[in-house]
Amino acid sequence: MSTMPSVIDRFFDYYTTLDNQSPLALAALYHPDAELVDPFGTHQGLYALQRYFTHLLANAEHCRFSIDSPLSEGQRFAVSWTMHWSHPQISKGDTLALPGCSIVDVHDNLIIRQRDYYDAGEMVYEHLPLLGWLVRRVKRRVRS
């Protein structure tokens, strides 16, 4: 019986302390051919994921996730989460909370595909002066 932590455990460990992680640590979590899809695009391969995470965290002052218990079946798990993050140029550097979820496919105890669902408008666009006003207005009109 293996004592190696499961991919779910490693996922939790990585994302709950994301701002303290090196993008090189992704190699212990993601398959070399992994694909990550989120509202900002598709990132194919471990090198592309490392580049993407480096860019995302370059100016973040804080970025950690609180993650709910996973739903798991076979080689797939799903988790809902809240990202707690801050960026000096967004919302005056205040810590923001963004809810989302991930559906993750596993191969050989590594993530082969991850699809993240969250509101990119809520994450970034709503916090920009002119564009934020416009995005919030459109959302209000849709809800009416």
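Go through the residues of region 46-60 one by one and say whether even a single one is at negative phi and in contact with an Asp or Glu (Cβ under 7 Å, 6 or more places away or on another chain). The answer is yes; a qualifying residue exists.
Only one residue in Leu49, Leu56 is at pLDDT 95 or above and under 14 Å from Tyr15 (Cβ atoms), so which one is that? Reasoning before the result, please.
Details: Leu56 fails: at pLDDT 95 or above.
Residue meeting the stated conditions: Leu49.
The lone criterion from (1) more than 17 Å from Phe11 (Cα to Cα); (2) modelled with pLDDT of 95 or more left unmet by Trp81 is number (1).
Does region 49-64 include one or more residues that are assigned to a strand (DSSP E or B) and not charged (D, E, K, R)? Steps first, answer last, please.
Kept after step one, since they are assigned to a strand (DSSP E or B), are these residues of region 49-64: 62-64.
Those left that are additionally not charged (D, E, K, R): 62-63.
Within region 49-64 (the criterion being assigned to a strand (DSSP E or B) and not charged (D, E, K, R)), the answer is yes, since at least one residue qualifies.
With the condition kept exactly as written, say whether any residue in region 5-28 is surrounded by 12 or more Cβ atoms within 10 Å (Cβ to Cβ), assigned to a strand (DSSP E or B) and not hydrophobic (A, V, I, L, M, F, W, C). Within region 5-28 (the criterion being surrounded by 12 or more Cβ atoms within 10 Å (Cβ to Cβ), assigned to a strand (DSSP E or B) and not hydrophobic (A, V, I, L, M, F, W, C)), the answer is no, since none of the residues qualifies. Restricting Leu98, Leu49 to those that are of a type in the set (A, V, I, L, M, F, W, C) and either more than 22 Å from Pro5 (Cα to Cα) or open to solvent by 60 Å² or more (accessible area, probe 1.4 Å) (or both) reduces the list to Leu98.
Looking only at residues in region 61-95 that are in contact (Cβ under 8 Å) with a residue 24 or more places away in the chain, charged (D, E, K, R) and open to solvent by 80 Å² or more (accessible area, probe 1.4 Å), the one that is farthest from Phe40 (Cα to Cα) is Arg76.
The values are calculated or read from the model by the stated rules, or taken from the named source; none is laboratory data. Values in this document were obtained by computation on a predicted structure and should not be read as measured data. Cβ atoms come from the backbone with ideal geometry, glycine included; neighbour counts cover every protein chain shown. Heads up: the accessible areas ignore ligands, DNA and RNA and are worked out on the full protein's heavy atoms, side chains in. Shrake-Rupley method; radii C 1.70, N 1.55, O 1.52, S 1.80 Å.
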